[in-house]
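Report on the following structure.
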Amino acid sequence: MDSRWSLRGMTALVTGGTKGIGYAIVEELAGFGARVHTCARDQTLLDECLSEWKEKGFQVTGSVCDVSSRAQRDELMKTVSSLFSGKLNILVS
């Protein structure tokens, strides 16, 4: 990471953040100081990733969500709105 960059005070939602590119994006955003919420369909994998990020000192929360379900997307947005007091700066979907 380049120490000139900082995302402190920024909030981000990354869907599919427990695997592949989504995982890498969560790592980068959190590494630059953003508060990140991610979602995934697999609770076990989500819990493993959250534990790993906590050990790294990252501010990452997560919830189970299948973004193909409108009801689950609605619930995700309620969760994110509550966590970030209605302020979302970055969306990666």
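Within region 5-21, does at least one residue satisfy the condition of being touching a residue at least 24 places away in the same chain (Cβ under 8 Å), in contact with a Cys (Cβ under 6 Å, 6 or more places away or on another chain), of a type outside the set (Ser, Thr, Tyr) and part of a strand (DSSP E or B)? Among the residues of region 5-21, not one is touching a residue at least 24 places away in the same chain (Cβ under 8 Å), in contact with a Cys (Cβ under 6 Å, 6 or more places away or on another chain), of a type outside the set (Ser, Thr, Tyr) and part of a strand (DSSP E or B), which makes the answer no.
ALA71 falls short on exactly one of the conditions (1) surrounded by fewer than 14 Cβ atoms within 10 Å (Cβ to Cβ); (2) within 20 Å of ALA24 (Cβ to Cβ), and that condition is (2).
Do we find that LEU76 is of a type in the set (A, V, I, L, M) and closer than 18 Å to GLY9 by Cα in this structure?
On the way: of a type in the set (A, V, I, L, M): yes; closer than 18 Å to GLY9 by Cα: no.
So LEU76 fails the test.
Kindly indicate whether THR44 is more than 30 Å from SER6 (Cβ to Cβ) and either outside any loop (DSSP other than H, G, I, E, B) or of a type in the set (Phe, Trp, Tyr) (or both). It is true that THR44 is more than 30 Å from SER6 (Cβ to Cβ) and either outside any loop (DSSP other than H, G, I, E, B) or of a type in the set (Phe, Trp, Tyr) (or both).
Readers should treat all values here as calculations from the given coordinates under stated rules, not as data from a laboratory. Keep in mind it's a predicted model, so treat the numbers as computed, not measured. All Cβ positions, even for glycine, are placed from backbone atoms using ideal geometry, and neighbour counts span all protein chains on display.
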